[in-house]
There are 2 protein chains.
Amino acid sequence: MIENPFYGPETQGDFELYDLGNLILESGETLRSAKLAYRIFGQLNAARSNAVLVTTWFSGTGKVMEDVYVGRDHALDPDEYFIIVVDQIGSGVSSSPQNTPGPQSMGKFPKVRIGDDVRAQHKLVTEHFGIDRLALVVGGSMGGQQVYEWAVRYPVMVERAAPIAATARISHHQVIFVDACAEALMSDPAWNGGWYRNGHDVRDGMDRLARIVATLGWSPQFYQEERWRSVLGMSSRDDFINGVMKAYFEPMDPNVLLCEMWKWQRADVSCHAGGNLAAAMKRIRARTYVMPISHDMFFPPHECEADCALIEGAELKVIHTPEGHMGLNGFEPGYMQQVDEHLRALLGS
Amino acid sequence: MIENPFYGPETQGDFELYDLGNLILESGETLRSAKLAYRIFGQLNAARSNAVLVTTWFSGTGKVMEDVYVGRDHALDPDEYFIIVVDQIGSGVSSSPQNTPGPQSMGKFPKVRIGDDVRAQHKLVTEHFGIDRLALVVGGSMGGQQVYEWAVRYPVMVERAAPIAATARISHHQVIFVDACAEALMSDPAWNGGWYRNGHDVRDGMDRLARIVATLGWSPQFYQEERWRSVLGMSSRDDFINGVMKAYFEPMDPNVLLCEMWKWQRADVSCHAGGNLAAAMKRIRARTYVMPISHDMFFPPHECEADCALIEGAELKVIHTPEGHMGLNGFEPGYMQQVDEHLRALLGS
């Protein structure tokens, strides 16, 4: 275990830990004393009909979802909805390699799949909060992978679904890209099979990861227009790489990122229909807005559109922002305006 | 020096070496006893008006240009044209880190720029062949960077120019991507500052490079459609990564690739007009076809289109192929059909 303040309340703000007990994973392994980190906003109404579940993405935690997506000025308004923001397993805050003791710590943390997350979240929602219908499940990127898993696995429970910048089944392209990211970390001798003393020991690998993520995370247009100036306040390309990309990953834990990467690469709802994606998507009963980002190179709009076509009654709502996938962080005001507009329409329907 | 048969005639076929003597580089350093590898096809006509210069791309040599682009069934027909295919410096065949002796060998090979290549090629064309007008300069990717440099640096000499899948000035996006590629090699302890005994020692870094190149070299559509089956005859994603990407780089020399990468990142014709790209492009007198590849993620069509708009009378000819940048290798018959059609029209104009 490693005490990393980045994943504690001094950085992450207030959150609760829900004790899942022993979580039997899809791999067959059992994650002992598993914990889900969550934070809630607003009040559950008497009919228990206003609950919204918000999921997290790779390298992100509930904090960024709270800061960017939740608030009185957003569609996810605590005055109207009971909002549960839940950290995925391996986020660094929920049960994760660096905060799990004993034989499942660090390099021995078990492999976790999106399905494990969604079953754990289901337990939180139903057993802890006594909620049997979710007005909306929403999340971006890996969070969107969780949204798809929710809608396919628990179709009756999910009234509305909004997967942002995500696909229902990982693409070959993404698998290869994420392998490149993982290799950047694991090739650093300091990674040492996951048994470093401090995440900072793996700084060279983390720096390489930061650069590789930069190549697909932001769009060519972002770079062409040098939007690091206007959007991020950086002075140059190098200032952007150092001050945004490397600085972003620098406080994080390498095993946390590797745990999430392994999961990211295996997201695939078709497992609920013997590998038949179309059949799996037919299970969805949620009113669904499929929300790709216009310049996304992780989950290109045309791939999201193909998913949308497989869901009965789903609508494609492209969010236009030249930032590409990283636009998810809401750096640009126009991004959240579009997201809020679509989520308000979806929630009002 | 390393004896690597990949860069010798047993692999590269017949080529000649032109002795440049001591080439003073833009950096101020002198490359001693510099050599340019070239191969010629067809006959120079009496008017000396039918010469075509073909340049090479990153990791490629004159061999692939000969095999894919030159022949009686192509626009570059030796029955009509006197075709000079020239290896860039650092290709492994022309003067390069692994074949240069003494204090400029291996990790001490000097930094070379596109301008150095084009000046060296100019010497070959004018002094060795006595040619003062080129009917066409054509090349793809880094070869296209050389085409732009030719057209801007020697505007009177270049009658026609066809930069394929390239831009006149490197983008920030590409610089970051190529840094990620270089780091993949240099982070391998076996690279050892460029002083390995055998390129194969750096196999881990080369394998990482192969995967990173795969993430942008081929398009998401290529992966989505699993075109490695139909286009490349590979059985699976892993078979493709191992049998195409890793196998491609495996026989090459790491310092050769690093030499080319450094050069690739610095291509910028605006140096001929004090950093003003538009002013530099105004120097071009060649009839120019700007030929991006439709799904290219290295040099996206919209960036090539912006270059095209800066060249008087230039026409944009997008080559449609879902392969993306790697389509340059002509894996798909439709690719060369389009290239030939455009080059025939250009040469006929």
Quiz item: Does any residue of the range A:2-9 turn out to be surrounded by fewer than 23 Cβ atoms within 10 Å (Cβ to Cβ) and among the hydroxyl-bearing types (S, T, Y)?
Solution: no
Quiz item: Do we have any residue at all in the range A:229-243 that's touching a residue at least 12 places away in the same chain (Cβ under 8 Å) and closer than 25 Å to A:S95 by Cα?
Solution: no
Practice problem: Might you check whether a residue that is surrounded by fewer than 24 Cβ atoms within 10 Å (Cβ to Cβ), assigned to a loop (DSSP other than H, G, I, E, B) and either on the phi > 0 side of the Ramachandran plot or among the hydrophobic types (A, V, I, L, M, F, W, C) (or both) occurs anywhere in the range A:141-163? | Solution: yes
Quiz item: Being farther than 26 Å from A:E341 by Cα, surrounded by fewer than 24 Cβ atoms within 10 Å (Cβ to Cβ) and of a type in the set (K, R), is that true of even one residue in the range A:30-43?
Solution: yes
Quiz item: Given the structure, is B:L17 assigned to a strand (DSSP E or B) and of a type in the set (A, V, I, L, M)?
Solution: yes
Quiz item: Does B:A135 fit the bill of being within 16 Å of the chain's Cα centre (by Cα), more than 11 Å from every other protein chain (Cβ to nearest Cβ) and of a type in the set (A, V, I, L, M)?
Solution: no
Quiz prompt | Filtered residues of the range A:101-133 (kept if hydroxyl-bearing (S, T, Y) and open to solvent by 10 Å² or more (accessible area, probe 1.4 Å)) | solution = A:T126
Quiz item: Under the condition of being in contact with a Gly (Cβ under 9 Å, 6 or more places away or on another chain) and either open to solvent by 50 Å² or more (accessible area, probe 1.4 Å) or in a helix (DSSP H, G or I) (or both), which residue from the range A:245-256 is nearest to B:A180 (Cα to Cα)?
Solution: A:M245
Quiz item: So which residues in the range B:174-204 are part of a helix (DSSP H, G or I), closer than 20 Å to B:K263 by Cα and at the interface with another protein chain (Cβ under 9 Å from one of its Cβ atoms)?
Solution: B:Q174, B:V175, B:I176, B:F177, B:D179, B:A180, B:E183, B:A184
Quiz item: Among the residues of the range B:164-173, which ones are in contact with a strand residue (DSSP E or B) (Cβ under 6 Å, 6 or more places away or on another chain) and away from chain A (no Cβ under 12 Å)?
Solution: B:I164, B:A165
Exercise. Looking for whichever is under 16 Å from the mean Cα position of the chain (by Cα), basic (K, R) and either away from chain B (no Cβ under 14 Å) or not in a helix (DSSP H, G or I) (or both) here; the options are A:R266, A:R285. Which one fits?
Key: A:R266
Quiz item: Between residues in the range B:293-309 that are away from chain A (no Cβ under 11 Å) and residues that are in a helix (DSSP H, G or I) and not aliphatic (A, V, I, L, M), which pairs lie under 6 Å by C-beta distance while being six or more apart or on different chains?
Solution: B:I293/B:G327
Quiz item: Pick from B:M336, B:M291: which is at negative phi and open to solvent by 10 Å² or more (accessible area, probe 1.4 Å)?
Solution: B:M336
Practice problem: Return a yes/no flag: does the range A:69-92 have any residue that is modelled with pLDDT of 95 or more, open to solvent by 10 Å² or more (accessible area, probe 1.4 Å), over 22 Å from A:V137 (Cα atoms) and not in a helix (DSSP H, G or I). | Solution: no
Exercise. Name every residue in the range B:301-316 that is in a loop (DSSP other than H, G, I, E, B) and surrounded by fewer than 23 Cβ atoms within 10 Å (Cβ to Cβ), in order of residue number.
Key: B:L310, B:E312, B:G313, B:A314
Self-check item: Matching option when the condition is within 27 Å of A:G102 (Cα to Cα), in a loop (DSSP other than H, G, I, E, B) and polar (S, T, N, Q), among A:S33, A:S49, A:S27
Solution: A:S27
Practice problem: Among the residues of the range B:227-244, count how many are at the interface with chain A (Cβ under 8 Å from one of its Cβ atoms) and open to solvent by less than 50 Å² (accessible area, probe 1.4 Å). | Solution: 1
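The values are calculated or read from the model by the stated rules, or taken from the named source; none is laboratory data. Note that the structure is a prediction, hence the values are computed from the model and not measured. Using ideal geometry, Cβ is built from the backbone for each residue, glycine included, and neighbour counts are taken over all protein chains shown. All accessible areas refer to the heavy atoms of the entire protein, side chains included, with ligands and DNA or RNA removed. Shrake-Rupley method; radii C 1.70, N 1.55, O 1.52, S 1.80 Å.
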